[in-house]
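First comes the structure, then the notes that go with it.
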Amino acid sequence: MSDREPFFTEQHDMFRAMVRQFVETELAPHAEEWEEAELFPREVFKKAGDAGLLGINYDEAYGGTGLDYWYTVIRTEEYVRSRCAGVNMALLVQSDMATPIIHDLGTEEQKQEFLVPAIKGDKIAALGVSEPGAGSDVVSLRTTARRDGGDYVINGSKTFITNGTRADFITLIVKTDPDKTHQGVSVVLVPGDAPGLTVGRKLKKLGNKASDTAELHFDNVRIPQRYLVGEEGHGFYYLMHNFQGERLVAAIGAVAGAQQLIEDALKYGEQRQAFGKPIIKFQTWRHEFAQHLTEVEAARRLAYFAADLFGRKVPCVREVSMAKLFCAELANKVADRCLQFHGGWGYMDEYTVSRAWRDARLVTIGGGTSEVMREIISKLSF
Ligand SMILES: Cc1cc2nc3c(=O)[nH]c(=O)nc-3n(C[C@H](O)[C@H](O)[C@H](O)COP(=O)(O)OP(=O)(O)OC[C@H]3O[C@@H](n4cnc5c(N)ncnc54)[C@H](O)[C@@H]3O)c2cc1C
């Protein structure tokens, strides 16, 4: 255990070294190629599964490693070394967004059919919440699942679904009772090859290009009622809990990304000369980077505070929302200023800063916008 980071033991440090090795050998060398192709190979899920990165906090009985939440923090921090936010996001959707509900609430049969292969990386998972007409306002979603005999029949559309073009299953948020608001929402599992499920457009986007983002259409898609997760009508509450893990990894990744951007920029600033000296010698920049480093440290402490509460299962919606808000906004500010520090080269694709700047833009939007975070914090504070 380090004097400076009391949360991390020697075992945590060894795990960090293992993840770093994985990221530096299996992900980072392919970042350019995958960004260019706007997709990465399916086998990456398998490799991450083999490395034990897709079920860190999950029961060993289902192939997880049953470790504490600090291992999730470490893995999320180390992912940023791939410099490929798209692949990082796709892997995080698999492990920390689409599957926690199944682990926590699924039946034994659901766990064997969906969770176990997702942890191994044999099946790709997606989380289907957002719709063309409902994102922040989840309760307004219009995709329905109506009981019919022993089945549910699903109709509607989802959009912005990460891993959506090739998901083997979707953890899908539906209205089982369209006349109700929160109490009408449920969670079901839909196999990717279910008849009537079609992938619409693969959406073109600003950043995170290596991940696929899809529209999904459900036209009388029939699934057995045993694919309902937890209780019917309780889905909204399950989802709100699920969002905490999603927002926390977003916050942790944002801080680690900002730290990496600063380190890269400082190296650039040693080499780049202007007016006869390295640009990092200009006091205006020295002070600005001192400020960024201070704010990144403050952001990390807030994220670690939320992670500590989350890991100990202490209620922490307010703290997670604060961490998501603060870390995501800071990551954007740092990315913007690091790009500025590179001058014209920052605007070119020669350095990774332009890609990081585009990728960072997602963090204040995905998994709950900054405005929604402020709304939650205010509701829980006054
Ligand atoms: C690359 C990418 C990947 C994604 N992956 C997934 C995925 O895998 N699964 C999934 O389900 N979704 C996914 N999303 C969707 C994402 O979670 C939503 O975009 C996000 O929740 C915002 O919803 P929206 O886009 O509908 O915006 P809207 O809800 O329409 O918001 C528009 C604007 O209004 C503001 N606003 C809304 N409500 C309020 C309020 N109460 N107070 C103040 N302002 C408000 C918002 O902050 C925003 O600025 C992804 C999005 C992107 C861009």
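Couple of notes before you dig in:
Okay, residues lined up against (1) surrounded by fewer than 22 Cβ atoms within 10 Å (Cβ to Cβ); (2) within 16 Å of the ligand (Cβ to nearest atom); (3) among the small types (Gly, Ala, Ser):
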residue	(1), (2), (3)
288	yes, no, no
307	no, no, yes
315	yes, no, no
328	no, yes, yes
336	yes, no, no
339	yes, no, no
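- Check on residue 11, part of a helix (DSSP H, G or I), closer than 13 Å to residue 79 by Cα and at pLDDT 95 or above: no
- For region 80-101, taking the residues that are more than 16 Å from the ligand (Cβ to nearest atom) and in a helix (DSSP H, G or I), the one that is nearest to residue 258 (Cα to Cα) is identified as 80.
- All of 295, 329, 319 fail the test of being touching a Ser or Thr at 6+ places or on another chain (Cβ under 7 Å) and in a helix (DSSP H, G or I), apart from 329.
- Complete set of residues in region 102-122 that are surrounded by fewer than 22 Cβ atoms within 10 Å (Cβ to Cβ) and either among the aromatic types (Phe, Trp, Tyr) or outside any helix (DSSP H, G or I) (or both): 107, 122
- Only residues that are touching a Leu at 6+ places or on another chain (Cβ under 7 Å) and surrounded by fewer than 16 Cβ atoms within 10 Å (Cβ to Cβ) were counted in region 201-217, giving 0.
- Residue within region 341-351 that is surrounded by 14 or more Cβ atoms within 10 Å (Cβ to Cβ), within 16 Å of the ligand (Cβ to nearest atom) and part of a helix (DSSP H, G or I) present: no
- The requirement of being closer than 22 Å to residue 247 by Cβ, under 21 Å from the mean Cα position of the chain (by Cα), at pLDDT 95 or above and of a type in the set (Val, Ile, Thr) is fulfilled somewhere in region 311-331, by at least one residue.
- Residues of region 102-142 that are of a type outside the set (A, V, I, L, M, F, W, C) and within 10 Å of the ligand (Cβ to nearest atom): 128, 130, 131, 132, 133, 135, 136, 137, 140.
- Being assigned by TED's automatic domain parsing to the domain that holds residue 373, among the aromatic types (Phe, Trp, Tyr) and at pLDDT 95 or above is not true of residue 218.
- Checking every residue in region 160-167 against the condition of being within 15 Å of the ligand (Cβ to nearest atom), among the aromatic types (Phe, Trp, Tyr) and within 26 Å of residue 115 (Cβ to Cβ) gives at least one match.
- Taken over region 35-56, the residue count meeting the criterion of being within 30 Å of residue 313 (Cβ to Cβ), buried (at least 19 other Cβ atoms within 10 Å of the Cβ) and touching a residue at least 24 places away in the same chain (Cβ under 8 Å) is 7.
- Residue check, residue 186 modelled with pLDDT of 95 or more, surrounded by 22 or more Cβ atoms within 10 Å (Cβ to Cβ) and more than 21 Å from the chain's Cα centre (by Cα): yes
- Any hit, region 165-173, residues being outside any strand (DSSP E or B) and surrounded by fewer than 21 Cβ atoms within 10 Å (Cβ to Cβ): yes
- Search result, residues across region 193-219 that are away from the ligand (no atom under 14 Å from the Cβ) and over 18 Å from residue 142 (Cβ atoms): 193, 194, 195
- No other residue among 238, 152 is away from the ligand (no atom under 12 Å from the Cβ), among the aromatic types (Phe, Trp, Tyr) and part of a strand (DSSP E or B) apart from 152.
- Some residue of region 355-367 being assigned by TED's automatic domain parsing to the domain that holds residue 264, without any contact (Cβ under 8 Å) to a residue 24 or more places away in the chain, surrounded by fewer than 21 Cβ atoms within 10 Å (Cβ to Cβ) and part of a loop (DSSP other than H, G, I, E, B): yes
- Residue among 156, 128 that is in contact with a strand residue (DSSP E or B) (Cβ under 8 Å, 6 or more places away or on another chain), at positive phi and modelled with pLDDT of 95 or more: 156
- Inter-residue pairs, beta-carbon under 9 Å, first touching a residue at least 12 places away in the same chain (Cβ under 8 Å) and in region 201-212, second small (Gly, Ala, Ser) and exposed (fewer than 14 other Cβ atoms within 10 Å of the Cβ), 6+ apart: 209/37; 210/37
- Taking the numbered list (1) free of Cβ contacts under 8 Å to residues at least 60 places away in the same chain; (2) under 27 Å from residue 35 (Cα atoms); (3) part of a helix (DSSP H, G or I) in turn, residue 61 passes all entries but (2).
The values are calculated or read from the model by the stated rules, or taken from the named source; none is laboratory data. Just so we're clear, the structure is a prediction, and the values are computed from it rather than from any experiment. Neighbour counts are summed over all protein chains in view; Cβ atoms, including those assigned to glycine, are modelled from backbone coordinates with ideal geometry.
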